[in-house]
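Written below as structure tokens is the structure these notes are about.
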Amino acid sequence: MWDQQEIANQIEILNGKQAPDLIITNATYLHSIYKKWVEGNIWVSGDRIVYAGSRMPATTDGAEIVNAENKKIVPGYIEPHVHPFQLYNPETFAEYAGRVGTTTFLSDNLTFFINLGNEKAFKIINQLNELPFSFYWWARFDSQTVLREEKELFNLESIAEWLKREDVLMGGELTGWPRLLNGDVDMMNALMAAKKAGKKIEGHFPGASERTLARMKLIGADGDHEAMTVDEVEARLLQGYAVTLRHSSIRPDLPDLLKGIVDKELNVFDHLMMTTDGSTPSFHTDGVMDKCIRAAIEAGVDPIDAYLMASYNVARYYGIDDRHGMIATGRFATFNFIENEMNPVPTDVLSKGKWLLRDKQPIKPFQAVDWSIIPAFELNFDLDEKDFDFQYSVGIKMVNDVITKPYEVTIDRSAETLSEDHDECYLMLIDRNGKWRVNTFIKGFANRIQGFASSYSNTGDIILLGKDRKEMLHAFNEMKRMSGGMVLTENGRVVEALSLPIGGGLSEEKVDVLIDQERALKKALKDRGYGHGDAVYTFLFLQSTHLPYVRVTQSGLYQVMKNEWIIPANER
């Protein structure tokens, strides 16, 4: 925020004693309260709008003056539900998103919380706050998997340290909501602490019944982003939820949802938001929140409503509309210049008073975050043939990219190499410290993958998969050599590799480069039989117990709905 001296200087500008840093003249801009286009001039001092209206400042000496004639100006876009760890990292994602107008992010803290501890996490967040973007955060209450030390990690004291931060706006998302309904005291205490701290609570209720929605509302949930049909949108609104509509790499639901809302003539757009929900890099080839706005306009939503769903609605809901979502006095100087209201891709982007894009050309990157705070991915153990012991006859069958069921393994479990005539592969989850492993099979992933290794996973542990045990070991050794990443091997050579040197889970590359790398890896997997939508999400969600029906976790193969262990983890 702004200190007394900054505010005094800003008032001096209004008093005509000082000039603004930037003056936008002949501006036609979207006013979020009037919900209409207004004309005037915008004065900016540092990162703040000091005036927006018809007047010009008394002095303009030294000010940058930009004539906005023939353009329109809209508030900077807000991504209200981002997982900024999908191969990219928060900094590179923000830089990429900022070039297309998305400059404010409400971000998942799970990766930081699990892997770093609060002190290191806060050091990185504080560095991110020095960049010309606006980062806000969630405080997670559970790991969305089964961790061996979950209770020690997700303790109220650690969660409370996040809740004390002004840049933490939300508790959740509540992937572990059944635990709340079953009376989990620790999780309820965390939720109550968040409510007392004035934070919103975000649900995660796919397919929830009216009864479940009502019960979770009583417990304290404020919003939900899991509506997959128009009926589910209506059910949530009826129970008083804020509804965020999703357009992601595994659930591209937004166009159909909005078309259904328009067709039903539901006048609810003031209560809706939109999200890309942590999509993998290549989904963002054609944008971030601009992509959602475009989908809304194409579905028949009034353009003004479309822009506000990606700006003011979010800011108002999370109580940050004194800083964001509106082009008006006192807010951050964060807005996008567009050629016309039907095209949300900006020609120029200003974020917290800094130009990110001028005349469609990116401004050079800003100072980088010190990612060395995150410990390097270094494996101090080796695998040998004794680790490749697949004695159990129960495996994981893929229904789609992320939904899995248990199945009975009938093939020869002792073979060094599995036939390509079927789509069953060996699957291992290995502790990144080498203390345990879980060995099973996966059916429906692909039929021609010899060896694959990934340090990218829900918990940072290692996933090995393939038909050939020697090639799986080869992939593991290559992944170890490159200090983290995803590696596909075949016939003694590396077919594709994607380096993830930041803690074994995040890339250092710009998102443009990462998109090409991800596409190459996905194509190689598809060429070898992967037939689902998003292989990166498959690896991420193999451990995620908020999804049915069977997951591989640190403690073994777990049947979610029955709360039963099918295969135990083996100590090494």
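The values are calculated or read from the model by the stated rules, or taken from the named source; none is laboratory data. Everything numeric here is computed off the predicted structure, so don't read it as measured data. Positions of Cβ are backbone-derived with ideal geometry, glycine not excepted, and every protein chain shown enters the neighbour counts. In case anyone asks, the SASA skips ligands and DNA or RNA and just uses the protein heavy atoms, side chains included. Shrake-Rupley method; radii C 1.70, N 1.55, O 1.52, S 1.80 Å.
What do you reckon, is Thr280 at pLDDT 95 or above, open to solvent by 10 Å² or more (accessible area, probe 1.4 Å), under 30 Å from Thr538 (Cα atoms) and touching a helix residue (DSSP H, G or I) at 6+ places or on another chain (Cβ under 7 Å)? No: the conditions fail for Thr280.
Of all the listed residues (Val438, Val513, Val494), the sole one being farther than 21 Å from Leu379 by Cβ and among the β-branched types (Val, Ile, Thr) is Val513.
Just so you know, in region 1-48 the residues that are open to solvent by 20 Å² or more (accessible area, probe 1.4 Å), in a loop (DSSP other than H, G, I, E, B) and polar (S, T, N, Q) include one that is farthest from Ala68 (Cα to Cα), and it is Asn15. When Leu464, Leu521, Leu473 are checked against the criterion of being open to solvent by less than 10 Å² (accessible area, probe 1.4 Å) and over 30 Å from Glu150 (Cβ atoms), Leu521 stands alone in meeting it. Out of Ile250, Ile320, one residue alone is out of contact with any helix residue (DSSP H, G or I) (no Cβ under 6 Å at 6 or more places or on another chain) and β-branched (Val, Ile, Thr). It is Ile320.
Would you be able to say whether some residue in region 425-447 is among the acidic types (Asp, Glu), surrounded by 18 or more Cβ atoms within 10 Å (Cβ to Cβ) and assigned to a strand (DSSP E or B)? Give the steps one after another, and end with the answer.
First pass over region 425-447, keeping only residues among the acidic types (Asp, Glu): 431.
Those still in the list that are surrounded by 18 or more Cβ atoms within 10 Å (Cβ to Cβ) too: 431.
So of that shortlist, the ones also assigned to a strand (DSSP E or B) come out as none.
Within region 425-447, none of the residues are among the acidic types (Asp, Glu), surrounded by 18 or more Cβ atoms within 10 Å (Cβ to Cβ) and assigned to a strand (DSSP E or B).
Every test in (1) touching a His at 6+ places or on another chain (Cβ under 6 Å); (2) at pLDDT 95 or above is passed by Lys120 save one, and that test is (1).
Table: residues versus (1) of a type in the set (A, V, I, L, M); (2) under 24 Å from Ile114 (Cβ atoms); (3) modelled with pLDDT of 95 or more; (4) assigned to a loop (DSSP other than H, G, I, E, B).
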site: Val487; (1), (2), (3), (4): yes, yes, yes, no
site: Val494; (1), (2), (3), (4): yes, no, yes, no
site: Glu508; (1), (2), (3), (4): no, yes, yes, yes
site: Asp516; (1), (2), (3), (4): no, no, yes, no
site: Arg519; (1), (2), (3), (4): no, no, yes, no
site: His546; (1), (2), (3), (4): no, yes, no, yes
site: Arg551; (1), (2), (3), (4): no, yes, yes, no
site: Met561; (1), (2), (3), (4): yes, no, no, yes
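Across region 257-289, the number of residues qualifying as closer than 25 Å to Lys522 by Cα and either without any contact (Cβ under 8 Å) to a residue 24 or more places away in the chain or in a helix (DSSP H, G or I) (or both) comes to 7.
Every test in (1) open to solvent by 10 Å² or more (accessible area, probe 1.4 Å); (2) farther than 22 Å from Gly101 by Cβ; (3) not in a loop (DSSP other than H, G, I, E, B) is passed by Ile304 save one, and that test is (2). What about Phe93, is it assigned to a helix (DSSP H, G or I), under 13 Å from the mean Cα position of the chain (by Cα) and either within 22 Å of Met188 (Cα to Cα) or of a type in the set (Phe, Trp, Tyr) (or both)? Spelling it out, Phe93 is indeed assigned to a helix (DSSP H, G or I), under 13 Å from the mean Cα position of the chain (by Cα) and either within 22 Å of Met188 (Cα to Cα) or of a type in the set (Phe, Trp, Tyr) (or both). The residues of region 91-107 that are within 17 Å of Asp277 (Cβ to Cβ) and buried (at least 24 other Cβ atoms within 10 Å of the Cβ), listed by number, are Phe93, Ala94, Ala97, Thr102, Thr104, Phe105, Leu106, Ser107.
When Ser483, Ser499, Ser454 are screened for being in contact with an Asp or Glu (Cβ under 9 Å, 6 or more places away or on another chain) and either in contact (Cβ under 8 Å) with a residue 24 or more places away in the chain or β-branched (Val, Ile, Thr) (or both), only Ser483 passes.
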